[in-house]
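A.B. asks: Below you will find the structure I want to go over with you.
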Amino acid sequence: MIFLFTDFGTADLYVGQVKTVLHSQAPKEPVIDLLHEAPAFNTRGSAHLLAALAARLPKGSVTLAVVDPGVGGPRQPVAVLADGRWFVGPDNGLMSVAAARAKTCEAYSIGWRPEALSASFHGRDLFAPVAAMLARGGRKKARLGKAALSVGFGPADLAEVIYVDHYGNLVTGLRAARVERLRGLAIGGRTVRYAPVFSEAKSGEVFWYENSLGLVEIAANSASAERVLGLRIGAPVGLASRA
């Protein structure tokens, strides 16, 4: 099973080309879209989003992860085996949070190269074929060599907005289990309270809750928290001062 996590978007021609390669080289493997609207060029925010998704992926699966603003530059291609799940992509920190939080983790450099490699589309030409190889059990063909990730963001939470969904909900890099429910959150110059579900907030009220990924999410009941607060990805969030 192959999962896709990218910032390619769904309106452009990139995802289709990647899927074409996967279908031709691993036709029996299901390909599932995790996300193609990861924060563009934002490897740190995307790394925390990927880590939150990783825990729910089946062991033995392969995730093709590409948020790669340095494509064609000196960053290297890597494969990471974290808690029995493969991740393939650039060594730019994207997979480092999932790796740092895993109980067991091994990182590998990728020695295989295609005959033709576009300078700007390693997702199609390099990472997709390697993901297909690993999904088929072709670890040797991928020419993997033990390595260490050269860019790492560590296991700590990220106290900022890392994703905005189409409802206008603001997903943060904070794991909700680590945030005291009685504390308000400071964001956008205001304090928002905790509510377990939308129906416990007034219509239009901004609040925070634990989302389905276990992350702190700032939302508004029947409204867009993004519009109400006027915030974007990267906006900082913190604990409000105690009374």
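A.B. asks: If we sort 150-163, 192-205 on the protection proxy, mean other Cβ atoms within 10 Å, highest first, what's the order?
C.D. replies: Answer by packing, highest mean first, reads 150-163, 192-205.
A.B. asks: Could you work out the local net charge near LEU13, counting Lys and Arg as +1, Asp and Glu as -1, over the other residues with Cβ closer than 14 Å to its Cβ?
C.D. replies: With Lys, Arg at +1 and Asp, Glu at -1, the neighbours total +1.
A.B. asks: I would also like to ask the following. Could you please report the charge total around ALA79, scoring K, R as +1 and D, E as -1 over all other residues with beta-carbon less than 13 angstrom from its beta-carbon?
C.D. replies: Neighbour charge sum, excluding ALA79 itself: +4.
A.B. asks: With Cβ to Cβ distances under 10 Å as the rule, what net charge do the other residues near HIS36 carry (K, R +1; D, E -1)?
C.D. replies: That works out to -4.
A.B. asks: Before anything else, pin down the relative contact order of the chain: Cα pairs under 8 Å, at least 6 apart, normalised by residue count, whole percent.
C.D. replies: 17
A.B. asks: A follow-up question, please. What Kirkwood Rh does segment 166-243 have if only Cα atoms enter the pairwise 1/r average? Answer in Å.
C.D. replies: 12.3
A.B. asks: Okay, moving on. Once you keep just the Cα pairs under 8 angstrom separated by 6 or more residues, what percentage relative contact order results for segment 158-239?
C.D. replies: Normalised by residue count, the contact order of segment 158-239 is 39 percent.
A.B. asks: I've got another one for you. Segment 1-72: which chymotrypsin sites (Phe, Trp or Tyr not before Pro) are DSSP loop and have at most 16 other beta-carbon atoms within 10 angstrom?
C.D. replies: PHE41
A.B. asks: Label points 7 Å out from Cα along the Cβ direction at PHE41 and SER118: separation in nm?
C.D. replies: Modelled inter-label distance: 2.0 nm.
A.B. asks: Between ARG136 and ARG227, what is the label-point separation in nm under the 7 Å Cα-to-beta-carbon projection?
C.D. replies: My value for the distance between the label points is 4.9 nm.
A.B. asks: Then there's this: Sticking with the crude label model, points 7 Å out along Cα→Cβ, report the distance from SER24 to HIS166 in nm, one decimal please.
C.D. replies: Taking the simple label geometry, SER24 and HIS166 are separated by 3.1 nm.
A.B. asks: Also: So what is the diffusion coefficient of the chain in µm² per second by Stokes-Einstein at 20 °C and 1.002 mPa s, using a Kirkwood Rh over Cα pairs?
C.D. replies: Value of D from the Cα-based Kirkwood radius: 114 µm²/s.
A.B. asks: Among the complete DSSP H segments of the chain, which ones combine at least 15 Å of alpha-carbon extent along their axis with a mean Kyte-Doolittle hydropathy of 0.0 or more?
C.D. replies: 43-54
A.B. asks: Quick one: which of 73-82, 44-53 comes out on top by average Cβ neighbours within 10 Å, and what's the full order, highest first?
C.D. replies: 44-53, 73-82
A.B. asks: Could you let me know the centre-to-centre spacing of segment 90-104 and segment 1-64, using Cα atoms, in angstrom?
C.D. replies: The two parts, judged by their Cα centres, are 15 Å apart.
A.B. asks: Placing unit charges on C-beta atoms (Lys and Arg positive, Asp and Glu negative, everything else neutral), compute the dipole magnitude of the chain about its Cα centre in debye, rounded to 20.
C.D. replies: So the dipole magnitude of the chain works out to roughly 700 debye.
The numbers here are math on the coordinates, done by the rules we state, and not lab data. Everything numeric in this text was worked out from a predicted model, so none of it was measured. When we count neighbours, we look across all protein chains shown, and the Cβ atoms used for this are built from the backbone with ideal geometry, even at glycine.
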